[in-house]
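The values are calculated or read from the model by the stated rules, or taken from the named source; none is laboratory data. Since the model is a prediction, treat every value here as computed from it, not as a measurement. Neighbour counts run over all protein chains shown; Cβ positions are idealised from the backbone, glycine included. SASA here: full protein model, heavy atoms, side chains in, ligands and nucleic acids out. Shrake-Rupley method; radii C 1.70, N 1.55, O 1.52, S 1.80 Å.
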Amino acid sequence: MDYYLGLDPSTRCTGYCVMDINYNIIEKGNIDMPVTDDEGEKIFYQLERVELLFSKYNIVEILCEDQYGGLNIDTLKKLTRVVGAFLYIAKKHQIPISTIYPTSWRKLFHGSGKAKKKDTFDKVVTLYDIEDFKFSKHNDITDAVGIAWSLVDMVKERRLKEASAA
């Protein structure tokens, strides 16, 4: 079976979600960074964890949240390095990857790009009947679920267009 990976990259805790074409969550979680000042070590740690997902599942496409320019410059630089590392690892494994701004995936997931992190958290917890999540601890995971959901939507839309063009 084919699976889709949603990534919510961070310098402290990256959320991920593996989903099937029917929006079923196969695996979700956080990649908590080691406590170190070495930025390269943190990025390498994330890549190792993502590669473990590649070995467990037939990941056929990845959608990774891109960063908007409203962050402070140091945070923006660090996050773009993380996203760049994910682009590299996907290319290495020949898995198509795209990036998407938060407002764009939220528009797909919520119908409005103005939805907030708490809105995504609430929707995911309700949709998947998750009782043990706390917003401040699990919002990276719920964002990754929203990103994976958006990827599945994009794949389905692309397939519809391809079928109607044939």
Notebook entry, point to check: A115 is checked against (1) farther than 20 Å from Y4 by Cβ; (2) touching a residue at least 24 places away in the same chain (Cβ under 8 Å); (3) open to solvent by less than 90 Å² (accessible area, probe 1.4 Å) and fails just one. What number does that condition carry?
Noted result: (2)
Checklist line | For F54: the one exception among (1) surrounded by 14 or more Cβ atoms within 10 Å (Cβ to Cβ); (2) farther than 16 Å from I97 by Cα | finding: (2)
Notebook entry, point to check: When residues of segment 85-112 are filtered for being surrounded by 14 or more Cβ atoms within 10 Å (Cβ to Cβ), without any contact (Cβ under 8 Å) to a residue 24 or more places away in the chain and closer than 22 Å to K42 by Cβ, how many remain?
Noted result: 1
Item checked: Residue pairs meeting the criteria (Cβ under 6 Å; at least 6 apart or on separate chains; first touching a residue at least 24 places away in the same chain (Cβ under 8 Å) and under 18 Å from M1 (Cβ atoms), in segment 140-166; second among the aromatic types (F, W, Y) and in a helix (DSSP H, G or I)) -> W149/F109
Item checked: Unmet criterion (only one of (1) open to solvent by less than 20 Å² (accessible area, probe 1.4 Å); (2) assigned to a helix (DSSP H, G or I); (3) in contact with a helix residue (DSSP H, G or I) (Cβ under 7 Å, 6 or more places away or on another chain); (4) hydrophobic (A, V, I, L, M, F, W, C)) for I62 -> (2)
Margin query: Here is a check on your reading of the model: is Q46 open to solvent by less than 40 Å² (accessible area, probe 1.4 Å) and either in a loop (DSSP other than H, G, I, E, B) or among the aromatic types (F, W, Y) (or both)?
Written below: no
Check: Quick one: G29 ticks every box in (1) part of a strand (DSSP E or B); (2) small (G, A, S); (3) open to solvent by 40 Å² or more (accessible area, probe 1.4 Å) bar one, so which box is it?
Finding: (3)
